[in-house]
Amino acid sequence: MAKKKRQKIEGQFVPLQHLLLDSLAFKSLRDSSKIGLIYFHKDIKSGHQISVILTFPQAKEYGVCQSPSTFNVIKKELVEKGFLDPFEPGGLGKHSTFKISFRWKLFGTSEFENVPFKPGNGSKYFKTIWKNDQKKKNLLEARHG
């Protein structure tokens, strides 16, 4: 009997554990959040990487969503269900950075840790930020070093 050739995987891929796909947290995500999670995982280049980024223009290009408000809903849901943890908030020309989280493994149990989602400071909040000296300083440091 002839030996079967294994099909070689070409190019890069995004591995997702069966445990993740079968989890209560993943099953409870809306479809757009599931797609967003895949593209956040796409940003992982090595096992030592601690942060991931998905910008709104990227999300729009990939077909994840079409509006910034929907993108915020997706990020919020991924944080609330334990797939992402906030790392650095974005806004006004700076993207948000997240950490991949494994809190989703405990989703739906009493041991699940809730982490609040903190949206970045978009342009609609600019006047409010500009009135607060500390927030103004933080904004200027983020934009200009």
message: Probe radius 1.4 Å, ligands and nucleic acids left out: which of S46, S69, S33 has the largest accessible area, and how do the rest follow?
response: S69, S46, S33
- prompt: So how much accessible area does K27 have, in Å² to the nearest 10, using a 1.4 Å probe?
  reply: 130
field: Where H41, H95, H48 fall by accessible area, highest first, once all protein chains stay in place (1.4 Å)
entry: H48, H95, H41
message: Run the simple label-point estimate for K76 and N138 please: 7 Å along Cα→C-beta, distance reported in nm.
response: 1.9
- request: Over the range 36-125, consider all pairs of different Cα atoms and compute the Kirkwood hydrodynamic radius from their mean reciprocal separation; express it in Å, one decimal.
  value: 13.5
- prompt: Once the whole set of protein chains is in place, how much accessible area is left on K45, using a 1.4 Å probe, in Å² to the nearest 10?
  reply: 150
- request: Leaving ligands, DNA and RNA out of it, rank R103, R30 by accessible area with a 1.4 Å probe, largest first.
  value: R30, R103
field: Relative frequency of Cα-Cα separations exceeding 15 Å in the range 1-40, percent
entry: 57
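The values are calculated or read from the model by the stated rules, or taken from the named source; none is laboratory data. Remember, it's a predicted structure, so these values are computed and weren't measured experimentally. Cβ sites come from the backbone with ideal geometry, for glycine too, and all protein chains shown count toward neighbours. Ligands, DNA and RNA are excluded from the accessible area calculation, which covers all protein heavy atoms including side chains. Shrake-Rupley method; radii C 1.70, N 1.55, O 1.52, S 1.80 Å.
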